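So the structure is just underneath, and the comments pick up after that.
The values are calculated or read from the model by the stated rules, or taken from the named source; none is laboratory data. The shown structure was predicted, so the numbers you read here are calculated from the model rather than taken from an experiment. As a convention, Cβ positions derive from the backbone with ideal geometry for all residues, glycine included, and neighbour counts pool all protein chains shown. For the accessible areas, the whole protein counts, side chains as well, though only heavy atoms, and no ligand, DNA or RNA atoms are used. Shrake-Rupley method; radii C 1.70, N 1.55, O 1.52, S 1.80 Å.
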Amino acid sequence: MQQHVIDVGDVPGHQVRILELRRTPSNAKANCEGLKVVESWSRGYSDYTNTNGRAWGYGIDVLEDGDKIFFQWSGTTQSTLSSDGSKKTMYTGVNTLTGGTGKYRGIRGTGRDSAVFDPKAGFNEQQWELEYWMEN
């Protein structure tokens, strides 16, 4: 993961960020074609105040056979403090599939995405659900 964070300066904790995140799923399930995602890249932006706010960007999923699926994502992030003082940060958003390579060249679709993460610790655990189809 790499990121660059800039303080906005209007209120304490308000930051804009560009990010690049690489995930390697440990328990990916096979899609309708019997292939699993082996690597996922997200590149995007966030506008957070104390890790609360919106985030959006672009992604690439790499499948076992080397084909790729491209998508756009956008959503919101909310951080909450537990009674023990620990912080939980959760992203909830939508994905729009925009194309791909190989057999996924004409892919289109939508999905829901959620993640629990800690950017300072480099922790990111994501779940998603997609509905997709192929266009010629």
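A few notes on this one:
- For the range 85-136, the solvent-accessible area with a 1.4 angstrom probe is 65 square angstrom per residue.
- Each part gets one Cα centre, and for the range 1-39 versus the range 117-136 those centres are 8 Å apart.
- Sorted peptide list for 44-56, 82-94, criterion being average Cβ within 10 angstrom, highest first: 44-56, 82-94
- Candidates Thr98, Thr24, Thr77: whichever shows maximal mean-square fluctuation once the chain is modelled as a Gaussian network with Cα springs under 10 Å: Thr24
- The relative contact order of the range 8-136, computed from alpha carbon pairs under 8 Å that lie at least 6 residues apart in sequence, is 15 percent.
- Modelled this way, with points 7 Å down the Cα-to-C-beta line, the labels at Lys88 and Val62 are 3.3 nm from one another.
- Estimated FRET transfer efficiency when R0 is 25 angstrom, pair Val16-Glu129 (beta carbons, to 0.05): 0.30
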